[in-house]
Amino acid sequence: MFSVLYLIIAATVLISAAAFQNQEFLSKSLFYPYRVKHNNELYRMVSHMFIHADWAHLIFNMFSLYFLGQILVYSFYNSFGEVGGMIHFSILYFVGGIFASLFPYIRNHENPNYTSLGASGAVSAIVFAAIIWNPTMKLALLFLPIPIPAYIFGPLYLAFEYFALRKGKGNIAHDAHIGGALFGILYVILIERNKAQEFIHLIFN
C-alpha cells in the first residue's frame with residue numbers, strides 16, 4: 001500500500017549514501033540558485049531533494065517522512081483510491097519540494113555563495129498536509145518532546161521557523177521549510193476543502 005512512500009525513501013537513502021562518497025556528484029546535485037538562474041541548471045530544483053549533508057540529516061528527514069507519510073498515504077488511498085492516492089502523494093512531495101525551493105531561490109539567485117541540500121522542504125509539505133488532514137493526531141519533535149495535538153503543533157512549528165528565519169543564523173533553510181509547509185496546507189485545501197473548515201473549527205473552539 002505504501003509503495004510510493006517506500007520508493008521515495010529508498011531512492012533518497014541510496015542516492016544520499018552515494019553522494020556521501022562522491023563529492024563531485026554531491027556538488028552537481030546541490031540546490032544552487034545562482035547556477036539555476038545563470039547556467040539554466042533547472043534540474044537542481046529536484047536533485048537536491050535526494051542528497052543530504054550527513055547521516056543524521058538524512059535519518060531525521062526520512063524518519064519524519066516515514067511516520068507522517070504513511071498516515072497521509074493511507075488517508076489518500078481511502079479518499080481517492082490506490083492510483084489517485086499515489087498521484088496525490090507524488091505531486092505533494094515533488095511539487096511541494098520544488099515550491100519550497102522558490103523561497104530561497106528568490107532570496108539567493110544573485111548570491112554565488114549560497115547552496116543548500118536535503119528533502120526538508122518536500123518533507124515539510126508532507127508533514128503539514130498530514131496535519132491539516134488529521135489535525136487531532138498527536139505529534140512531538142526534539143524541541144517539543146511532549147506529544148500535542150497536530151492543530152496546535154502546526155502553528156507552533158511555523159512560528160518557530162518564522163522567528164528562526166528572521167534571526168538569520170545557522171545553516172538551516174527555514175524559508176524552504178515554511179514554503180513546503182504552505183504548499184502542503186494549500187494542496188490539501190485544494191483537494192479536500194472541508195479540511196480547512198475542520199482545522200479552523202478546532203483552533204477556535
(message) For region 97-204, give me every one of the helices (runs of 4 or more DSSP H) that falls completely inside it and has 2 or more residues that are within 30 Å of residue 38 (Cβ to Cβ) and touching a residue at least 24 places away in the same chain (Cβ under 8 Å).
(response) 120-133, 174-191
(request) List the helices (runs of 4 or more DSSP H) that sit entirely inside region 1-65 and contain at least 2 residues that are of a type in the set (A, V, I, L, M) and either at pLDDT below 95 or surrounded by 13 or more Cβ atoms within 10 Å (Cβ to Cβ) (or both). (result) 3-21, 44-47
(request) Could you tell me which residue of region 23-46 is farthest from residue 105 (Cα to Cα), considering only residues that are among the hydroxyl-bearing types (Ser, Thr, Tyr) and in contact (Cβ under 8 Å) with a residue 12 or more places away in the chain? (result) 29
(request) Answer with yes or no whether residue 59 is within 17 Å of residue 122 (Cβ to Cβ), in contact (Cβ under 8 Å) with a residue 24 or more places away in the chain and out of contact with any Gly (no Cβ under 7 Å at 6 or more places or on another chain). (result) no
(message) Among the numbered criteria (1) among the aliphatic types (A, V, I, L, M); (2) within 17 Å of residue 176 (Cβ to Cβ); (3) surrounded by 18 or more Cβ atoms within 10 Å (Cβ to Cβ), which one does residue 73 miss?
(response) (2)
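The values are calculated or read from the model by the stated rules, or taken from the named source; none is laboratory data. As the structure is a prediction and not an experimental result, all values here were calculated from the model. We place every Cβ from the backbone using ideal geometry, glycine too, and count neighbours over all the protein chains shown.
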